[in-house]
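J.: Sharing a structure with you now.
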Amino acid sequence: MSDGTDDGSGGSGSGNSASGKGASGNGGSGRSAGAVRGGALRRTLGFRDLVVYGLLFIAPMAPVGVYGTLDARSHGSVALVYVVATVAMSFTAFSYAQMVRVAPQAGSVFAYARKGLGEGPGFVAGWMAMLDYLLIPAVAYLFAGIAMEALVPSVDRWVWTALAVVVTTALNLWGVRAAARVGFAVLAMEIAVLLVFVVSALVVLVRNGAERGWATPFTGDTVFSVTAVLGAVSVAVLSYLGFDAIASFAEEVKGTREGAEKEGEVTGRGTRATQGTAAKGQADERAAGSRQVARALLACLALAGVLFVVQTYLVALLEPVTSAQLAADPAKQGSAFYDAVDRSVGGWLHDLVAVSKAIGAAFAALAGQAAAGRLLFAMARERRLPRALARTDSGVPRVALLLAAAVTLVAAVWAARRADGLDELVSVVNIGALTAFVLLHASVVGWFAVRRAAGPPRPVAQVVLPVTGAAILIAVIAAAARTAQLVGAAWLVVGLVVVLAQRRRGGAAAPRPPASGKDEREH
């Protein structure tokens, strides 16, 4: 992987602020086409890399940790819960796919809400998403620590948790492409373990039959309840949070080769004609990159939905304990997946799943930490957060990444040292993202239907679907735990106070576009 080249300002970009000060203005003389100017991110990711990041953040076996809770809350309709959750998230994925073409920027929902709703709502959307982007990695790191403590009881979970933070932070600081390469190997391992579980479960079911009725994972093993299913969906959404992080890498996606070549022409010649050609090439490249992000969002959600439904359906058939018994004994809910596998298949698969969960959770946190860093970077670049967070070093937002790592380290280790730490974190992690998703849907309506910025709107795609998606999310928020609602409301109030304070002192400075210098690519 090539590292950042000098931009002519006497450094690799580490001393450049979001405003681009210090970047060379020599017309590109002596600057390679792959150089990165201050405040710019490297375009090194392809479609596969985006899907890898999304699935890493989600984790193919994400239901393992929450299966027992979902089974108890839904009265046994755990597979149906994931069907409903996938449908609910598909509305959000579709809105992301539309807005990423409008604002192919690193800020994701922050950038989209600014476009569709204005500066204030944009900040609020980014602020609410920030709550989840900082806490979800902490939960994942804690899952890794818990799994490793189960395998090596002599080492406390907080030590494993802190070690996972250090290792994955080092990979993120190395660069998004390097992390994606390692992440691909981890993802392949997780999917392989999942396939082993699926085959083993099918063999047991063929030999011994199901512990519950074959349809009960969709209909419930006691009494079917729509309210119970929706209440479980509010928890199941946690399994999906992360597919949206794909949009955070919009400025690091490779577009068309033609765009890169045209961009190289203006670097070498500097004429007005080639500048116009390069500008068109850059626009084509951004459009191609946006299409890649949109495709990856939808593909990642669809793959995750299939994986979640299949594994929860199978484990529910193997589960010897009824959903009512799980509801009456919350202590058994966390280990319900492992217990069912241990009893029906054997301890060897229990240990294999535990190891996979430990490694997979750590790398889910890696993807989450990377997305959090991009969100902080984007908000700082628009002067909504301290500008130091918008500094880049060789095309990597290392300052923002280090801040995200510090916050998640503190939260994860704090939780790891408390008996109720996991419950405390899990109860609040999804509320911020759900609120931000509601603003995302509103942004689609605002940009396409209210502002009509792209011409006459398409009624179904740009009004009906986002409004329906927002309504579903509001219903999920209403069904969420009281603690989550209170924490989300408190965080929202703090964000509103920040917005008012910024406006009182004259508001944020006029936002600056991303640096126009060349994006570094790997060769």
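J.: Scan segment 297-319 for residues that are buried (at least 24 other Cβ atoms within 10 Å of the Cβ), of a type outside the set (A, V, I, L, M) and farther than 15 Å from Y67 by Cβ and report the count.
T.: 1
J.: Another question, then. Do you know which residues across segment 329-348 are in a helix (DSSP H, G or I) and over 14 Å from L318 (Cα atoms)? Show your work before the answer.
T.: First pass over segment 329-348, keeping only residues in a helix (DSSP H, G or I): 330-332, 336-344, 347-348.
Residues satisfying the conditions are P330, A331, K332, G347, W348.
J.: Let me confirm something: among Y133, Y141, Y112, which residue is within 13 Å of the chain's Cα centre (by Cα) and on the phi < 0 side of the Ramachandran plot?
T.: Y133
J.: Sticking with this structure for a sec: Tell me whether segment 456-473 contains one or more residues that are surrounded by fewer than 21 Cβ atoms within 10 Å (Cβ to Cβ) and over 23 Å from L117 (Cα atoms).
T.: No, that holds for no residue.
J.: While we're here: Taking the condition of being outside any helix (DSSP H, G or I), among the basic types (K, R) and surrounded by fewer than 21 Cβ atoms within 10 Å (Cβ to Cβ), how many residues in segment 375-417 meet it?
T.: Result for segment 375-417: 2.
J.: Just one of L425, L385 is touching a helix residue (DSSP H, G or I) at 6+ places or on another chain (Cβ under 7 Å), at negative phi and at pLDDT 80 or above; which is it?
T.: Exactly one of L425, L385 is touching a helix residue (DSSP H, G or I) at 6+ places or on another chain (Cβ under 7 Å), at negative phi and at pLDDT 80 or above, namely L385.
Residue-wise test of (1) modelled with pLDDT of 80 or more; (2) β-branched (V, I, T); (3) over 23 Å from V139 (Cβ atoms).
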| site | (1), (2), (3) |
| --- | --- |
| F308 | yes, no, no |
| T312 | yes, yes, no |
| V315 | yes, yes, no |
| L326 | yes, no, no |
| G334 | no, no, no |
| F337 | yes, no, no |
| V345 | yes, yes, yes |
| V353 | yes, yes, no |
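J.: Pairs please, first residue from segment 106-130 and buried (at least 24 other Cβ atoms within 10 Å of the Cβ), second anywhere and not in a helix (DSSP H, G or I), Cβ atoms under 6 Å, 6+ apart in sequence or on different chains.
T.: A111/A103; A111/Q105; Y112/A103
J.: Right, another one. Can you tell me how many residues within segment 30-55 are of a type in the set (A, V, I, L, M, F, W, C), modelled with pLDDT of 75 or more and buried (at least 24 other Cβ atoms within 10 Å of the Cβ)? I'd like the intermediate steps shown before the answer.
T.: As a first pass, look at segment 30-55 and keep what is of a type in the set (A, V, I, L, M, F, W, C): 33, 35-36, 40-41, 45, 47, 50-52, 55.
Going one step further and asking which of them are modelled with pLDDT of 75 or more, we end up with 47, 50-52, 55.
This time we only want the ones that are buried (at least 24 other Cβ atoms within 10 Å of the Cβ), so: 50, 52, 55.
Final tally of qualifying residues: 3.
J.: Within segment 356-363, identify whether any single residue is touching an Asp or Glu at 6+ places or on another chain (Cβ under 8 Å), surrounded by 18 or more Cβ atoms within 10 Å (Cβ to Cβ) and outside any helix (DSSP H, G or I), and answer yes or no.
T.: No, the conditions are met nowhere in segment 356-363.
J.: Next question, about the same structure. Considering only residues that are assigned to a helix (DSSP H, G or I) and among the hydroxyl-bearing types (S, T, Y), which ones fall in segment 68-119?
T.: First pass over segment 68-119, keeping only residues assigned to a helix (DSSP H, G or I): 68-73, 78-102, 109-116, 119.
Across segment 68-119, the qualifying residues are T69, Y82, T86, S90, T92, S95, Y96, Y112.
J.: Could you list, in sequence order, all residues of segment 146-161 that are in contact with a Phe, Trp or Tyr (Cβ under 8 Å, 6 or more places away or on another chain) and over 17 Å from Y338 (Cβ atoms)?
T.: T161
J.: Would a scan of segment 289-296 turn up a residue that is assigned to a helix (DSSP H, G or I), at pLDDT below 85, surrounded by 23 or more Cβ atoms within 10 Å (Cβ to Cβ) and of a type in the set (D, E, K, R)?
T.: no
Conditions tested, residue by residue: (1) in a helix (DSSP H, G or I); (2) under 30 Å from L434 (Cβ atoms); (3) at pLDDT 85 or above; (4) touching a Cys at 6+ places or on another chain (Cβ under 6 Å).
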residue	(1), (2), (3), (4)
M189	yes, no, yes, no
V193	yes, yes, yes, no
F197	yes, yes, yes, no
S200	yes, no, yes, no
V203	yes, no, yes, no
R212	no, no, yes, no
V223	no, yes, no, no
V229	yes, yes, yes, no
V237	yes, yes, no, no
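J.: Could you tell me how many of the residues in segment 120-169 are of a type in the set (D, E) and outside any loop (DSSP other than H, G, I, E, B)? Spell out the reasoning first.
T.: The first filter runs over segment 120-169 and keeps only residues of a type in the set (D, E), leaving 132, 149, 156.
Checking the rest, the ones that are also outside any loop (DSSP other than H, G, I, E, B) come to 132, 149.
Residues that pass the stated criteria total 2.
The values are calculated or read from the model by the stated rules, or taken from the named source; none is laboratory data. Source: prediction; values computed, not measured. In this analysis, Cβ positions are derived from the backbone assuming ideal geometry, glycine residues included, and neighbour counts consider all displayed protein chains.
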